[in-house]
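Only one structure is covered here, and it is reproduced in the block below.
The values are calculated or read from the model by the stated rules, or taken from the named source; none is laboratory data. What you see is a predicted model, and the numbers here were worked out from it, not measured in a lab. Methodologically, a virtual Cβ is constructed for each residue, glycine included, from the backbone with ideal geometry; neighbour enumeration extends over all protein chains shown. Please note that ligands, DNA and RNA were not included when accessible areas were found on the heavy atoms of the full protein model with its side chains. Shrake-Rupley method; radii C 1.70, N 1.55, O 1.52, S 1.80 Å.
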Number of protein chains: 2
Amino acid sequence: MKLHPLWQEYPTLQSELTETLALMEQTVKLKNKPVEKAVLEMIHAGGKLLRPAYQLLFSRFGPEQDRQKAIALAASIEMLHTATLIHDDIVDKADTRRNLPTVAASFGNDVAVYAGDYLFVCCFKLLADYAGSLHSLQLNSRSMEKILNGELGQMDRRYDQQMTVAEYLDNISGKTAELFALSCTVGALESGTSEKFAKQCGEIGLNIGIAFQIIDDILDYSQPESQIGKPVLEDVRQGVYSLPLLLAMEQNASAFAPYLDKKAAMTDEDTQTVYQLVQEYGGVTKAQKEASRYTQKALKAIRKLPDDEQNTRELLWRLTNQILQRTN
Amino acid sequence: MKLHPLWQEYPTLQSELTETLALMEQTVKLKNKPVEKAVLEMIHAGGKLLRPAYQLLFSRFGPEQDRQKAIALAASIEMLHTATLIHDDIVDKADTRRNLPTVAASFGNDVAVYAGDYLFVCCFKLLADYAGSLHSLQLNSRSMEKILNGELGQMDRRYDQQMTVAEYLDNISGKTAELFALSCTVGALESGTSEKFAKQCGEIGLNIGIAFQIIDDILDYSQPESQIGKPVLEDVRQGVYSLPLLLAMEQNASAFAPYLDKKAAMTDEDTQTVYQLVQEYGGVTKAQKEASRYTQKALKAIRKLPDDEQNTRELLWRLTNQILQRTN
């Protein structure tokens, strides 16, 4: 069980995240051993654990310091995230994730459906066992509702060349940023902060999540396939148009139309051309500016957080700055 | 929105189930309108609503009579059930359910994955909003864990001609009976009964659920295709061996082996032969006896329930007797 090297610079968090992973592992108990193995491999495949990290950091702000509870809730959010990844890989027909075969690719869609369901349930089990009240479960189920509405909304807009930047932001707010927001909100709230403070934490998480997803989408347009886990531009072929493409299309939609019109029948050459057109029309640079805007919003709000003995505000600032400058 | 005719004989329950359906409908709010429509159609396709009915009946035993809460919790259990059906239909590659196209068949597996997830979330949302404490959520997530462990366990044993009756009972306890047990337990508990009483209610539910599933499996071996919603004996081709077959195989396993050994390649003639062999070796009759044993256990325990003004004990006895004598 090895943690992402990112955490070496954050020793306390590193040790809490190690416990989080261990608890996730203990929670998974399946009679079907091959599936259990696949789920555990997915858990150990080196995800960055950003959502539980934020949950743990924000759980330091309240007066009720119960680290075991904080770790259990962090495990719960990561299991929820892993569940969505397993189901996303069915939908996206992805063969690999984090350079390992996906559960769907290894075991078929049928196993992946139930394996994802099982992790959803593990998430709710940990929440129900460790949360202080029903309130966190209410927040959690509302977030999940937004996430799924976002995913289903995105599917509805596939191959829609008229999609606007505002709609894209709306979709990624649901798809990615909501879970970051939830982590921060629940982290704070379950440590006994006020609702108002927890809400501010949630807004920080939302901005981090939006920036994070934009950067993820930018990476599709800036890296050779060998350096990222999933095939470059596969999304475009599947009709999912992200920010660099949308911003480039704002400059000259008709340059893209002949390729995008082919939808799933786009060849590798077509996607390469789209890739080059996105660069040519400044889509990547413009998207980077947009990501930076959300990053700055988050960092500014973090600076206004109260100070504490563990220097949490500084850690949050450093971590956020670090992950949102990532190039891989 | 029409209820199954079964409920005409139970007017109070009929009116509460009508409200349950209405609340389920209100709870489903999706931006993706075609998927929303499919989910609503699935909800309205005339499922019997047995699980919410038991939940509502058992919720009459406690001192805390809050019908709005009881209806919300009943809606929650039916949404959970519907979620599992949508995902089961992906796994079983089923084209129809309740004589309507499945969500997976109409919209593809990708939409069905998220639609099922969405209904899971609706279930937890209603629970988190209406349950009196975290306890029901703990029970719910533990039941869901058993259900998924049962489903994944069943997949692991596909095409296993050595499967025992005990293993079959274990699987259906997870797959079907657990949700009946949960309905009865939560119904009682959330109306303020003792834990001990709620546990007894859960055992009644478990026996009803086991009998119900055995009868369902018997129907596969006793009806022409036109009278049941899913293709007869498709399960056998998919390697899911149910009680009538297992009991018949106990008499002469080698008579079945040549056909079952073909696994997914079984022809329609092969499944017809298996059908006839099951009759010949008394599989249906023996399974009926087994179902009857669980039915009697449930009815006996129902007779021992306390009496109340609404005559709930009588209604429970009548309903249970009625649905477990069903021939369709």
Exercise for the section: Scan region A:272-292 for residues that are β-branched (Val, Ile, Thr), over 23 Å from the mean Cα position of the chain (by Cα) and surrounded by 18 or more Cβ atoms within 10 Å (Cβ to Cβ) and jot them down. Expected result: A:274, A:278
Exercise for the section: Check B:25, B:41, B:16 and return the single one that is within 12 Å of residue B:122 (Cβ to Cβ) and part of a helix (DSSP H, G or I). Expected result: B:25
Exercise for the section: Would you mind stating whether residue A:43 is in contact (Cβ under 8 Å) with a residue 60 or more places away in the chain and among the aliphatic types (A, V, I, L, M)? Expected result: no
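Residue by residue, here is whether (1) of a type in the set (D, E, K, R); (2) surrounded by 16 or more Cβ atoms within 10 Å (Cβ to Cβ); (3) more than 16 Å from residue B:131 (Cβ to Cβ) holds:
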{"residue": "B:36", "(1), (2), (3)": "yes, yes, yes"}
{"residue": "B:40", "(1), (2), (3)": "no, no, yes"}
{"residue": "B:55", "(1), (2), (3)": "no, yes, no"}
{"residue": "B:89", "(1), (2), (3)": "yes, yes, yes"}
Handout entry: Scan of region B:4-37 for residues that are within 14 Å of chain A (Cβ to nearest Cβ), out of contact with any Asp or Glu (no Cβ under 9 Å at 6 or more places or on another chain) and polar (S, T, N, Q), ordered by number
Key = B:26, B:27
Handout entry: Yes/no for residue B:48 being in a loop (DSSP other than H, G, I, E, B), more than 26 Å from residue A:115 (Cβ to Cβ) and touching a residue at least 24 places away in the same chain (Cβ under 8 Å)
Key = yes
Practice task
State yes or no: is residue B:70 away from chain A (no Cβ under 14 Å), touching a Pro at 6+ places or on another chain (Cβ under 6 Å) and within 16 Å of residue B:137 (Cα to Cα)?
Solution key: no
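Quick grid of which residues meet (1) open to solvent by less than 10 Å² (accessible area, probe 1.4 Å); (2) modelled with pLDDT under 90; (3) charged (D, E, K, R):
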| position | (1), (2), (3) |
| --- | --- |
| B:78 | yes, no, yes |
| B:84 | no, no, no |
| B:118 | yes, no, no |
| B:128 | yes, no, no |
| B:149 | no, yes, no |
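Here is a yes/no grid of residues against (1) in contact with a helix residue (DSSP H, G or I) (Cβ under 6 Å, 6 or more places away or on another chain); (2) within 30 Å of residue A:192 (Cα to Cα); (3) modelled with pLDDT under 90; (4) of a type outside the set (S, T, N, Q):
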position	(1), (2), (3), (4)
A:7	yes, yes, no, yes
A:18	no, yes, no, no
A:23	yes, yes, no, yes
A:38	yes, no, yes, yes
A:47	no, yes, yes, yes
Fill in the blank from the handout: Here the qualifying pairs (Cβ atoms under 8 Å; residues six or more apart or on different chains; first in region A:123-135 and more than 12 Å from residue B:124 (Cα to Cα) and more than 7 Å from every other protein chain (Cβ to nearest Cβ); second among the hydroxyl-bearing types (Ser, Thr, Tyr) and surrounded by 24 or more Cβ atoms within 10 Å (Cβ to Cβ)) come out as A:126/A:76; A:130/A:76
Problem - Residue satisfying condition, being among the hydroxyl-bearing types (Ser, Thr, Tyr), in contact with a Lys or Arg (Cβ under 7 Å, 6 or more places away or on another chain) and crowded, with 19+ Cβ neighbours inside 10 Å, within set A:312, A:320, A:295 - result: A:312
Problem - Selection within region A:111-122 - touching a residue at least 12 places away in the same chain (Cβ under 8 Å) and either over 17 Å from residue B:138 (Cβ atoms) or not aromatic (Phe, Trp, Tyr) (or both) - result: A:111, A:112, A:113, A:114, A:115, A:116, A:117, A:119, A:122
Exercise for the section: Please give the number of the condition residue B:118 fails out of (1) facing another protein chain (nearest Cβ under 8 Å); (2) among the hydroxyl-bearing types (Ser, Thr, Tyr); (3) more than 21 Å from the chain's Cα centre (by Cα). Expected result: (3)
Handout entry: Subset tally (residues that are in contact (Cβ under 8 Å) with a residue 40 or more places away in the chain and closer than 14 Å to residue A:106 by Cα) for region A:24-40
Key = 4
Fill in the blank from the handout: residue B:160 passes all but one of the listed conditions (1) in contact (Cβ under 8 Å) with a residue 12 or more places away in the chain; (2) within 20 Å of the chain's Cα centre (by Cα); (3) not assigned by the TED database to the domain that holds residue B:237; the exception is number (2)
Problem - Neighbours by Cβ (under 6 Å, 6+ apart or cross-chain): first from region A:93-110, away from chain B (no Cβ under 12 Å) and more than 13 Å from residue A:39 (Cβ to Cβ); second open to solvent by 50 Å² or more (accessible area, probe 1.4 Å) and small (Gly, Ala, Ser) - result: A:95/A:105
Exercise for the section: Report yes if residue A:154 is open to solvent by 10 Å² or more (accessible area, probe 1.4 Å) and touching an Asp or Glu at 6+ places or on another chain (Cβ under 8 Å), otherwise no. Expected result: no
